[in-house]
1. Give me the accessible area per residue for the stretch 371-488, probe 1.4 Å, as a whole number in Å².
2. Compute the Rg/Rh shape ratio of the stretch 211-320: radius of gyration over Kirkwood radius, all on alpha-carbon atoms.
3. What's the Kirkwood radius of the chain in Å, using all Cα pairs?
4. Under a straight-distance cross-link criterion of Cα-Cα below 15 Å, which aspartates and glutamates are reachable from Lys334, leaving out those fewer than 8 residues away in the same chain?
5. So what are the three principal axis dimensions of the stretch 313-356 from its Cα atoms, in whole Å, longest to shortest?
6. Could you check the simple spin-label distance between Glu357 and Glu52, using points 7 Å along Cα→Cβ, in nm with one decimal?
7. Using r as the Cβ-Cβ distance of Asp26 and Asn436, and R0 as 56 Å, what FRET efficiency do you calculate, to the nearest 0.05?
8. Cross-link partners among aspartates and glutamates for Lys92, C-alpha distance below 14 Å, same-chain residues fewer than 8 apart left out?
Amino acid sequence: MIYHSTRNKQETADSRQAVLKGLCGDGGLFVSDALGERKLDPEELLTLSYQELALRVFSLLLDDYTEEELSDAIEKAYGTTFSKNEVTPVTKIGDDWLLELYHGPTSAFKDVALCMLPQLMSKALSGSGKKIMIITATSGDTGKAALSGFQDVENIGITVFYPDGKVSDIQKLQMASQEGRNVAVCAIRGNFDDAQSAVKEIFASEIGAELEKRNIALSSANSINIGRLIPQIVYYFEAYKALRKNGTIQAGQEIDFCVPTGNFGDVLAGYYAKLLGLPVHRLIVASNANNVLTDFIMTGVYDRNRPFHKTISPSMDILISSNLERMLYYLSGKDADYIASLMRSLKETGRYEVSGELLSKIQEIFSAGCADDAETEAAIRKAYETDGRLIDPHTAVGYKVLSERRTEGVPAVLLSTASPYKFCRDVYESLFGAANTGADGFAYMRMLSEKTGVEPPEPLRELQGKPVLHRDVIDIADMKQYVLNAALEKL
Ligand SMILES: *Cc1c(COP(=O)(O)O)cnc(C)c1O
């Protein structure tokens, strides 16, 4: 598989290089024109474990890693880090199915990818004498998932910055208690956007050259990396397997998937699964009040010039869904010049409109809907009261949209992207109203568990009382020096 930019077919990389680079030099995303040439027969996968299934998918798409490397990476990523044997179990919710993606070390779906990416990066580095320092700015969730995935991975260090006082008590403790000899965690005086901009500046600054002399490169764990995207394909096949085994579908029968969406990575993996041979009927894109994708899929106009809403499903508060570019590339007939022109327009005007022909192709596969916060809260109540299921606000957005967009007679799978306990305050208040003031995250966790009888996941339960290992708080201006010190100390 040769990978190249969505915006230009001349810039190529093999899968190892693509994993190490993340983003193409021209700002485009790595894609391969060979995707879908070799397919997987889902019927042949029914008896495989999650790990064996993962090996089949990775061998197809990351074909210049050896089978030994991939097996070892899979064992490290999924061998014991998930609390369920199935890794991503499928359970009943009303008449539909819930694909539970939140049984990893940080109780959210990004774990599935962030357990695997570091292993792929580390293998790609081995023998080169090179090392990598990952830098991430987080508004709360991704930071912990990245720290956990990169903890003690060979030849790689990680530095995470979060805005002081602007993440939840639980998120803060999750990061501040992170173990590992290669991790640095630091709060900054400023907000998330400040942290994000400062990180971008660090990448472009002289410390890059400074570290280069010591064979250390700076990199990110961004969700556009193929090493994050490809691991997400596996659980779509896993869902098919589960529905075949429990008798819901016949061989080859199509399924609808409804996906709570932000950056379009998760739902794009469903489209890749379809290209690889999975019988997918529709991919239903569910958005919160930041419904730029709903409008796009309905009208063909992508327009980010609109108010930004802070919602109770914060991981979907996104106005530029980067991974959409890959879907447009494939559905435009792999027309890199056309994609480059759309992305130029997005950059210059914040907007683009696709051709009528492309829009109809998109609508054959994708449908879309959205839920604001009040509708999300109502969905949390409905799932609990009518289906007896406790779901998190992101999953609840999908639950509401699925109820409107389902196809009659087609079995539907709703991707559940976080444990309800990750967002226990909002879930609790949706179900039982506001509690006494002053209750912290752990108090909400206890109350929610007492009222519903549902156990919080172990990584969250165990958190209280964990020692704080990281206490640094610095100014934005000092972040650069901080990264330099961390790289010299940890690598
Ligand atoms: C990141 C995230 C999403 C959105 O996934 P994308 O791949 O960005 O579309 C949905 N739910 C949760 C809980 C997330 O963390």
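1. Counting only protein heavy atoms, the per-residue value for the stretch 371-488 is 46 Å².
2. Expressed as Rg/Rh, it is 1.08.
3. Numbers: mean 1/r = 0.0436 Å⁻¹.
Computed over the chain, the radius equals 22.9 Å.
4. Partners within reach: Glu11, Asp33, Glu37, Glu325, Glu357.
5. 34, 22, 18
6. 4.5 nm
7. The calculated FRET efficiency here is 0.55.
8. Glu100, Asp387
The values are calculated or read from the model by the stated rules, or taken from the named source; none is laboratory data. For clarity, every value in this text was computed on a predicted model and none was experimentally measured. Reconstructed Cβ throughout: ideal geometry from the backbone, glycine too, with neighbour counts over all protein chains shown. With ligands, DNA and RNA removed, areas are computed over all heavy atoms of the protein, side chains included. Shrake-Rupley method; radii C 1.70, N 1.55, O 1.52, S 1.80 Å.
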